[in-house]
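Scroll down for the structure; my scribbles are underneath it.
Every read-out reported here was derived from the displayed coordinates using simple, explicitly stated rules and does not represent laboratory data. Only a predicted model underlies this, so the values are computations on that prediction, with no experimental measurement involved. We place every Cβ from the backbone using ideal geometry, glycine too, and count neighbours over all the protein chains shown.
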Amino acid sequence: MKGKNSLRKLYAVWSIIISELFAASMIICSASASGLFWDIFRIFGAAAVIMIPVIVYVFYRLRGRDNNASSDELEQLVLQKSFALGGLVSFSLLPALMLMCFLLPQYAGFTAFGYSVIAGGVTKIAAFLYNRKYSSH
Amino acid sequence: MNNRIRELRESAGLTQAALAELTGVSRQAINAVETGKYDPSIWLAHAVSKVFGRPIEEIFIFEEGEGK
């Protein structure tokens, strides 16, 4: 049935968590670098940590409730399962991300990038595969 | 959960797309329910039962122990 669902909220929270982790990792990894560029980089990073939830919330509110009726229950099931799997992988890899950022700060940018690729990739691939599973003839 | 949606739909001369339109879901959702890949919500089951004019338990076959 078409109806109200919490997917938008779920996706907004998901976006905030991943973006915050990414921004925080970038700040941590640049902690040992000195110079004007890196000082500015850290300031922008800190601003990003503060602004990301605000920006996502603004977009969340601006989009309104238009997609409450845009997905049916099968699509919601597919997305919820994908988010669940993506969340499981993301939180499982979180200790590894933080550990790598602290132990190898010179590679923390690559680590954070790899983490976001894995977290986002797993979610997208899961959505693709679940969609194939449920929507195939 | 087994169901009689395909049988009832075909006897009513409806396509999957037409039934999807009448119940407010996608054709893929109707296909997934028909093929048993997906158990519908109570709201979709209610909408399907309204379309066919039959009670839910005549369309969806509940078996003891299933879904618990």
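Some notes on this structure:
- Label-to-label distance for A:Phe44 and A:Val13 is 3.1 nm, based on points extended 7 Å past Cα in the beta-carbon direction.
- Helix A:108-135 vs. chain A, principal-axis angle (Cα, 0 to 90°, nearest 10): 10 degrees
- Alpha carbon centroid spacing (whole Å) that separates the stretch A:90-115 from the stretch B:1-40: 47 Å
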